[in-house]
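Down below is the structure, laid out as structure tokens.
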Amino acid sequence: MKPLVNSGGESFDGGTKHEVKAIDSALRIFNMDYRSVHYLGSREVRGRPDSDLVDLQQRELIQNGKWLEDDAAKLLLEAERQEQK
């Protein structure tokens, strides 16, 4: 599971619903806002998801407010890789 990132850029390692709730409770004490992304798709996918693909999907969601489906994310990731060459 990727770290949870709050709006100030700090990150918190977590993955289970219980851990996310514990982080939420701890941050409420300090009145800190944050956003967490809990990727449930990994429970349904056999094997390990492509971490680059997941990073891209999360980045698009956080920066642009849009979730890219796997096929669209793969095309964008391939285009980014081609640009880097």
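Read-outs throughout are calculated quantities, based only on the coordinates presented, and are distinct from any laboratory measurement. As the structure is a computational prediction, the values presented were derived from the model and not from experiment. Every residue, glycine among them, receives a Cβ derived from its backbone with ideal geometry; neighbour counts consider all protein chains shown.
With neighbours defined as other Cβ atoms within 10 Å of a residue's Cβ, the residues Ile29, Ile62, Ile23 order from fewest to most as Ile29, Ile62, Ile23. Between Leu53 and Lys66, the simple spin-label model (points 7 angstrom out along Cα→Cβ) gives 2.0 nm.
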